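The values are calculated or read from the model by the stated rules, or taken from the named source; none is laboratory data. What you see is a predicted model, and the numbers here were worked out from it, not measured in a lab. Cβ coordinates were reconstructed from backbone atoms using ideal geometry, including for glycine residues, and neighbour counts include every protein chain displayed. Note: accessible area is taken over every heavy atom of the protein model, side chains too, but ligands, DNA and RNA are not part of it. Shrake-Rupley method; radii C 1.70, N 1.55, O 1.52, S 1.80 Å.
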Amino acid sequence: MTVTASTAHASPLAPDWLDYPEDPNALVTKLWASGVERNDDGEIAVQGLPASQLARDYGTPLLVLDEDDFRSRARSFRDAFNEAFADLCGGVDVYYAGKSFLCTPAARWVSEEGLRLDTASGGEMATALRAGVDPAHIGLHGNNKSDDEMRRALAAGVGRIVVDSLDELDRLTELAAEAGAVAPVMLRLTPGVHAHTHEFIATAHEDQKFGLSMAGPAGTDGAAGTAGSPAAEAVARALAAGSIDLRGLHCHIGSQIFEPEGFGVAAEKLLGFLAEIKAEHGVELEELDLGGGHGIAYTAADTPRTPQDIATTLAGVVGAACTALGMACPRISIEPGRAISGPAAFTLYEAGVRKTVTVDGDQGTTHPRRYVSVDGGMSDNARPVLYEADYSVALASRVSGAPAVLSRVVGKHCESGDIVVKDAYLPDDVARGDLLAVPATGAYCHSLSSNYNMLTRPAVVAVQGGQARVIIRRETEEDLFARETGL
Ligand SMILES: Cc1ncc(COP(=O)(O)O)c(C=O)c1O
């Protein structure tokens, strides 16, 4: 069904990247899971299930996850990287970054699709184990792992522990010796690449908490090589420790990265370091993990690359670097999270209170901004508050012929910063009771959710083969008291 807006109301308050929509009812394909479309009744539907039915059956706010889309994105990374690297190193191990969205069903889906699972805490590791993921296919990350977490990883036989610091390496060496085990270790390094992304999520430059620096003390020429660096020291200690099996090196240069150059530079640096390790210690480390961070579309302005494009570009860089260094290509692994889970889901909210404010513009002009409150907010999507992340939104329960007006979708929390979608054009007649859908909320929304203001966390519904099922039930108010004692 096509309904076109009668009058254009492009607002000077809109950010440069936000175009006035020709048809505010049209869905921008790249923002949505593949099973999502507007049906003949004008509703947003996933695999044929209309928004109003989902809201009626499961309530709002609701995270609606297209399981088929999630699985197909997982397969795309697996296939694209395996194909691109087949001749270089026989294939790639793809570790799904569980921090982006994790529950036992999701852990099973990635295993069934032939991926491994990257966990970042004892709790995530426990989820992977509970789901029945082969321990050999689990990685454990974290910049401050507890002894207990490392003991549990050793006891479960996880395939790799990604060591983040010298302190942790020393503790793991002792814990493994005490357990009579040999710990499979990757060293997380900071190759000094600053990804072009938000400062808080760029993680491979020096001035941040993660990883072992590759920069040693500056030499007489003022340049710092790797000699004497924490990374070089960690390699020496790990190789000398009988209870450590040093498998390889790891880096993760940040998140929501669109340009492949950063990944390429990091790969070259780590390959160069592998060559140095071989020259100094006579050891060829077998693995190189290039991390995750592949960008997705949150707004029409974002243009993500396909897994095929990323894989081919990276394989070219890695192949050329290995040839130049005269070394065999190590086994490559990657850790995509948001690029698999993010676009697979949208959040369905019910609109409530709305108001229009007048905002001062340039040269004494004033302009309206519409606020639409929804029944969730920063407790189910903390990313706008944490990272100033932008999202998009669409009227989900109907189409509208009203002109689009610049709108801000806000939550119901006691914070003025409780913004869900900062800038979007929504039809002028959006009103209480309408359903709004915010796409690309599969990653870092449920996993970062909270009970702020004692809101109960939304249910997660997975849609597969045209059927919906609850995979995480909605919290109840009784759940809010579950941990209180002395009630
Ligand atoms: C070590 C590591 N690997 C992988 C990821 C996944 O990143 P993304 O979800 O952006 O792909 C992260 C995210 O923070 C990370 O810290």
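Points worth noting:
- Flag if residue 11 is of a type outside the set (A, V, I, L, M), touching a helix residue (DSSP H, G or I) at 6+ places or on another chain (Cβ under 6 Å) and assigned to a loop (DSSP other than H, G, I, E, B): no
- In the condition set (1) open to solvent by 30 Å² or more (accessible area, probe 1.4 Å); (2) over 30 Å from residue 328 (Cα atoms), residue 88 is compliant with all but (2).
- In the stretch 22-35, the residue that is modelled with the lowest pLDDT out of those that are open to solvent by less than 30 Å² (accessible area, probe 1.4 Å) and closer than 22 Å to residue 422 by Cβ is 24.
- The set of residues in the stretch 93-119 being open to solvent by 10 Å² or more (accessible area, probe 1.4 Å) and closer than 19 Å to residue 287 by Cβ consists of 93, 114, 116.
- Residues in the stretch 47-74 that are among the charged types (D, E, K, R), away from the ligand (no atom under 16 Å from the Cβ) and open to solvent by 20 Å² or more (accessible area, probe 1.4 Å): 56, 57, 68, 71.
- Within the stretch 154-164, being in contact (Cβ under 8 Å) with a residue 40 or more places away in the chain and within 14 Å of the ligand (Cβ to nearest atom) holds for 160, 162, 163, 164.
- Within the stretch 245-354, helices (runs of 4 or more DSSP H) holding 3 or more residues that are touching a residue at least 24 places away in the same chain (Cβ under 8 Å) and surrounded by fewer than 22 Cβ atoms within 10 Å (Cβ to Cβ): 261-281, 307-325
Table: residues versus (1) within 30 Å of residue 259 (Cα to Cα); (2) modelled with pLDDT of 95 or more; (3) more than 27 Å from the chain's Cα centre (by Cα); (4) of a type outside the set (Asp, Glu).
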position: 161; (1), (2), (3), (4): yes, yes, no, yes
position: 165; (1), (2), (3), (4): yes, yes, no, yes
position: 175; (1), (2), (3), (4): no, yes, yes, yes
position: 178; (1), (2), (3), (4): no, yes, yes, no
position: 181; (1), (2), (3), (4): no, yes, yes, yes
position: 185; (1), (2), (3), (4): yes, yes, no, yes
position: 189; (1), (2), (3), (4): yes, yes, no, yes
position: 197; (1), (2), (3), (4): yes, no, no, yes
position: 200; (1), (2), (3), (4): yes, no, no, yes
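- Unmet requirement for residue 478, which otherwise passes all of (1) part of a helix (DSSP H, G or I); (2) under 30 Å from residue 48 (Cα atoms): (2)
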